[in-house]
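In what follows, a single structure is set out as structure tokens and then discussed.
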Amino acid sequence: MECSEKPVWNRFTREELGQLAVRPLNGEIRKRVLDHWDAVAKPIDGMGIFETLTAQIGAITGNDKVDISKKAVIIMCADNGIVEEGISQSGQEVTAAVAGLMGRKQSSVGRMAAMIGADTIPVDIGMNRKEPVEGVLDRKIRCGTRNFKKEPAMTKQEAIRAIATGIDIVFSCKTAGYKILATGEMGIGNTTTSSAVAAALLKCEADIVTGRGAGLSDAGLLRKRQVIAEALEKYDLYHADALTILSSVGGLDIAGLTGVCIGGAVFRVPIVLDGVISIAAALLAERIVPGTKAYLIPSHKGREPASEALLRELGLEPVIDGKLALGEGTGAVMMFSLLDMALSVYSGRTTFREIQIEQYKRF
């Protein structure tokens, strides 16, 4: 089922995508943030990875007064044609049902985000339905991807349009005053697409990076791995570039999140990654626009086996190891909370000088 094209999303070309450049982070601001952490009344590096992460945020935004007070999760919702091959317990109707909950702020991520004062921005970038969903931003590229066992999931132009959509949403969010964004997704079958993308990018066998998703049986897992392995060979993906990998076996949610990651780097907005789908998009973004990864903040490792390998390839260290597998951006929202707590110490500015104790020295 095809949906009508919207010309506003056809303006971005592959050549323009390749011309995007990412500026290096502001090293001077990064040093200022770290120096301030050393002046806070605590042991050297006492806040651990949160000291370097807040310094990274300062370096991204160009301000040592680190502010993430206005934040949102961008949740890309899309369906995947590969569900025809029995790689999921659920059907595509679940995608729309959960997206509806997201539109009403009643899904898991909506409730968690409301608890910490973060906004949720669900986006229909490719659900398999023509009717709009109340509360969900309509940025549909097409009504679900094709079955990649039979043909490429999408055309390269469709993939580029989805990437451009993600970039554009980041721009809109920055214009609206958001200081930090997170990635989320909803789409039945997207652990299959993300595992296929991961296997191709990492040049490893499907078995190594493919897990049970929402809870496949042994037979279902075997089928899922077989479908991915066949696609890797069918499209010669071990020798393909990132855009070819994405268009061959990816999902529109992954493509949109790839754009969100790139948009963060282009518009200097820190992007907090969620689970395996987001992390696969992050590596695609880095391969398409080198330097993007400096603008990305990991949240959790996740239960899917591809997560750890993808994070290692990106050089990112996850903070939370809670065996999460919910998706939607829930792990990233947890990370928002942790960053807020760390910044309460940073911004509180209780220094050694104020309590009249000699500051610890860094050796």
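How about region 180-235: which of its residues are in a loop (DSSP other than H, G, I, E, B), of a type outside the set (S, T, N, Q) and without any contact (Cβ under 8 Å) to a residue 60 or more places away in the chain?
Filtering region 180-235 down to residues in a loop (DSSP other than H, G, I, E, B) leaves 187-189, 203-205, 210-217, 235.
Now drop any that are not of a type outside the set (S, T, N, Q), which leaves 187-189, 203-205, 211-216, 235.
Matches in region 180-235: Lys203, Glu205, Arg212.
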Q. What number goes with the only condition from (1) assigned to a helix (DSSP H, G or I); (2) at pLDDT below 95 that Thr95 does not pass?
A. (2)
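Keeping to region 206-240, report how many residues are of a type in the set (Asp, Glu) and either within 17 Å of Ala280 (Cα to Cα) or surrounded by 16 or more Cβ atoms within 10 Å (Cβ to Cβ) (or both). Break it down into steps so the answer makes sense when it comes.
Of the residues in region 206-240, the ones of a type in the set (Asp, Glu) are 207, 218, 230, 233, 236.
Checking which are either within 17 Å of Ala280 (Cα to Cα) or surrounded by 16 or more Cβ atoms within 10 Å (Cβ to Cβ) (or both) leaves us with 207.
Selection size over region 206-240: 1.
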Q | Condition met for Ala282 (in contact with a Cys (Cβ under 7 Å, 6 or more places away or on another chain), under 30 Å from Asn63 (Cβ atoms) and assigned to a helix (DSSP H, G or I)) | A | yes
**Q.** Inter-residue pairs, beta-carbon under 9 Å, first on the phi > 0 side of the Ramachandran plot and in region 322-339, second among the basic types (Lys, Arg) and at pLDDT below 95, 6+ apart
**A.** Lys323/Lys301; Lys323/Arg303
(Q) Among the listed residues Glu317, Glu328, identify the single one that is charged (D, E, K, R), crowded, with 19+ Cβ neighbours inside 10 Å and under 18 Å from the mean Cα position of the chain (by Cα). (A) Glu328
Q | Residue that is surrounded by the most Cβ atoms within 10 Å (Cβ to Cβ) [pool: residues in region 296-314 that are farther than 22 Å from Val269 by Cβ and touching a helix residue (DSSP H, G or I) at 6+ places or on another chain (Cβ under 7 Å)] | A | Gly302
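Does region 253-272 include one or more residues that are part of a loop (DSSP other than H, G, I, E, B), over 19 Å from Ile169 (Cα atoms), touching a residue at least 12 places away in the same chain (Cβ under 8 Å) and touching a strand residue (DSSP E or B) at 6+ places or on another chain (Cβ under 8 Å)?
From region 253-272, those part of a loop (DSSP other than H, G, I, E, B) are 268-270; that's our starting set.
If we keep only those that are over 19 Å from Ile169 (Cα atoms) as well, we get none.
No, every residue in region 253-272 fails to be part of a loop (DSSP other than H, G, I, E, B), over 19 Å from Ile169 (Cα atoms), touching a residue at least 12 places away in the same chain (Cβ under 8 Å) and touching a strand residue (DSSP E or B) at 6+ places or on another chain (Cβ under 8 Å).
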Q. Is it the case that some residue within region 188-210 is modelled with pLDDT under 95, more than 17 Å from the chain's Cα centre (by Cα) and closer than 25 Å to Val109 by Cβ?
A. yes
Q | Lone unmet requirement of (1) farther than 18 Å from Ala332 by Cβ; (2) touching a helix residue (DSSP H, G or I) at 6+ places or on another chain (Cβ under 6 Å); (3) not in a loop (DSSP other than H, G, I, E, B); (4) not acidic (Asp, Glu) for Val133 | A | (3)
(Q) For region 151-171, give me each residue that is assigned to a helix (DSSP H, G or I), over 17 Å from the mean Cα position of the chain (by Cα) and farther than 16 Å from Ala78 by Cα. (A) Lys156, Gln157
**Q.** Within region 335-363, considering residues that are part of a helix (DSSP H, G or I) and of a type in the set (Ser, Thr, Tyr), the one nearest to the chain's Cα centre (by Cα)
**A.** Ser337
Q: Return yes when Gly331 is in contact with a strand residue (DSSP E or B) (Cβ under 6 Å, 6 or more places away or on another chain) and either more than 30 Å from Ala196 (Cα to Cα) or of a type in the set (Gly, Ala, Ser) (or both) and no when it is not.
A: yes
Q: Mind counting the residues in region 72-90 that are within 23 Å of Val333 (Cβ to Cβ) and crowded, with 24+ Cβ neighbours inside 10 Å?
A: 6
Q. Looking at (1) buried (at least 18 other Cβ atoms within 10 Å of the Cβ); (2) under 22 Å from the mean Cα position of the chain (by Cα); (3) touching a residue at least 60 places away in the same chain (Cβ under 8 Å), which is the one condition that is false for Gly103?
A. (3)
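The values are calculated or read from the model by the stated rules, or taken from the named source; none is laboratory data. Please read these numbers as outputs of a predicted model, since none were measured by experiment. All Cβ positions, glycine included, derive from the backbone under ideal geometry; neighbour counts span all protein chains shown.
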